[in-house]
1. Which residue pairs have Cβ atoms closer than 6 Å, lie 6 or more positions apart in sequence or on different chains, and pair a first residue in the stretch 191-209 that is acidic (Asp, Glu) with a second residue that is assigned to a helix (DSSP H, G or I)?
2. Looking at (1) modelled with pLDDT under 80; (2) under 24 Å from Val431 (Cα atoms); (3) over 45 Å from the mean Cα position of the chain (by Cα), which is the one condition that is false for Tyr538?
3. With the condition kept exactly as written, say whether any residue in the stretch 154-165 is closer than 19 Å to Met235 by Cβ and hydrophobic (A, V, I, L, M, F, W, C).
4. Filtering the stretch 351-397 down to residues that are assigned to a loop (DSSP other than H, G, I, E, B) and touching a helix residue (DSSP H, G or I) at 6+ places or on another chain (Cβ under 9 Å), which residue is modelled with the highest pLDDT?
5. Being of a type in the set (Gly, Ala, Ser), over 30 Å from Tyr209 (Cβ atoms) and not in a loop (DSSP other than H, G, I, E, B): is that true of Ser345 here?
6. Test each condition in (1) modelled with pLDDT under 85; (2) touching a Ser or Thr at 6+ places or on another chain (Cβ under 9 Å); (3) of a type outside the set (Val, Ile, Thr) for Lys468 and report the one that comes out false.
7. Within the stretch 57-91, count every residue that is of a type outside the set (A, V, I, L, M), modelled with pLDDT of 80 or more and surrounded by 15 or more Cβ atoms within 10 Å (Cβ to Cβ).
8. Answer yes or no as to whether Cys99 is touching a Pro at 6+ places or on another chain (Cβ under 9 Å), modelled with pLDDT under 90 and part of a strand (DSSP E or B).
Amino acid sequence: MKGAPDCTWNFNLTVTLTPNNVQSQLDATTNLLQTIVSSNSDLAQSLNFLSEQIIKNDQLLACDNNPACQNNNLDSYVCQNSTSTEVCSGHGFCLNGTCQCNSGYYLPDCSMNQSIYSQQLTYRQSLISQTIDLITSLESNMNATTLESILKLLYAATKDPYQNDNSTLLQTLSALNKSLEIMQDLNSSNNLTNSLQEFVNTLSNIIEYVHINDCGMKTNFSSQAINDTSSMISMIADLSLRDASVNQPIIFNSEMLYIYAILINNNQLSNLVIALDPRYPQLQFGTVQNSSSLPNTLAVEYTYLKKDPLSCNNTPSTNFMLEIKNGETFQPIGVSVPVKVTYSSKNFNNIQCPSTNDDDEICEQSTSFNGDTVCSCKDISIFDVKAQLINIYKNSQLYQLNLKNLRELFTHPPYNRWSFWVAIGSSLGVVITWVIVNTINKNFCMVDKITKEREVQRSNPTRGNKRKKTVPKKYNWCYKIFFAVMVTHPFFNIFTYNDPMITKTFRAMLFYLRTMILLGLSAAFAPSDPEVIFSTLYL
């Protein structure tokens, strides 16, 4: 292949990672992509080779000289609670099997420092940016094989959620949107199945990133990413059915997504069963009353999200999206048909059937003879894309930051609660205490003052000089009790005792934390939460 790189080229990160040798390896990757693009020869094969090298590069960046890695990946890494300095590479602490890394450290085991993380992030941004440029330059002359290789490159660049961030995934979403436009323009002679699978794989990477880095969906980026991926999934399903035959299902499977699409005749919708795998929700449609008024051909598209972006654990998600469209135009159509959703007891626990609100349950919950949970729903509309996105958003932490909750803040102002003023007073108190103990009270110590011995001078008549004799001062029992209280009390001893081991400033912080913990525990273990406000104290 003239001008193309030697395909025997490989990375060599067998030495301890340092910013210098990491930079040289990442520069080599970026330069290789530039060489591939400029060669204009056997582009697809070269891009496939580069994708493999990017994945190997990421594995080595994460696992080089790292005993925590098993089979060259950290996906299954679980830390053990311990006081050992080896826990979380000495740069974090273990919480429920997951490392909570200190600032400036990354990866599941906190083994990557800020310098190396920043370097690999810059290189990744460059790779994705060059890929976008490549898509743009080939837009009018793209074929399915080259597009598949480009999408495989995007998949490789975003495969590791711990070595990406919002910026790289925003770039990726932009590249996917451009690729989707190209696929829609490609004629039917191009087989897009493999390209669509790579597209789904990359979408799966984005969803996994949200699940790992922002479980609960607290940011606008996560909400927008879920919205964009859901919209793209619907278009992917449409494209997969564009040239499909009736009753020929199309399936795309990835780490986070399972997509099932099929064309059927309108009389086949009644009693249609989608029982794909017991690990996923299984569907059985009821009888369609107006099937004759439906288009002759229907497109049924089912998408299952394997992990819930609202959950911080890996329990199976209950979320899925179901759409019925015109099989020719792929426009959504309104079909009123009941559906039974079955959740296998072996894979799903604590299932709650969906409802529109707390008072209107549109799905009746029951248990089958073998213990599976069955949701008998009146209509499939609650499972369409729009309804599912609304449901995800309403259950996200981002939804809590809305105008309604802001109004509640002013309707029930926190300054009416005694706990608010305890927290404010304690915070102000610790600041004032810090000022005092670091200025006028810095060296005062009651113990030193009380135990100081009094010197009494006596004349020596024979030698004519003076000698010193110590006489300890005596105190009554009342003063001794006062002394004990002042030195042992957690608050007063901050000002009265100067400990050479624990500074007064640090003891003031400990007392503040003690107050806040007591306040928190009183809220956590209170039998009820009555409206205790200051105005009621004077009634």
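The values are calculated or read from the model by the stated rules, or taken from the named source; none is laboratory data. Remember, predicted model here, so these are calculated numbers, not experimental data. Ideal geometry is used to build each Cβ from the backbone, glycine not excepted, and the neighbour counts take in all protein chains shown.
1. Close Cβ pairs satisfying both conditions: Glu198/Glu148; Glu198/Leu151; Glu198/Lys152; Glu198/Tyr155; Glu208/Pro161.
2. In the conditions (1) modelled with pLDDT under 80; (2) under 24 Å from Val431 (Cα atoms); (3) over 45 Å from the mean Cα position of the chain (by Cα), Tyr538 misses (2) alone.
3. Within the stretch 154-165 (the criterion being closer than 19 Å to Met235 by Cβ and hydrophobic (A, V, I, L, M, F, W, C)), the answer is yes, since at least one residue qualifies.
4. Here the residue is Ile362.
5. When the stated conditions are applied, Ser345 does not pass them.
6. Among (1) modelled with pLDDT under 85; (2) touching a Ser or Thr at 6+ places or on another chain (Cβ under 9 Å); (3) of a type outside the set (Val, Ile, Thr), Lys468 violates only (2).
7. Residues meeting the conditions: 7.
8. So Cys99 fits the description; yes.
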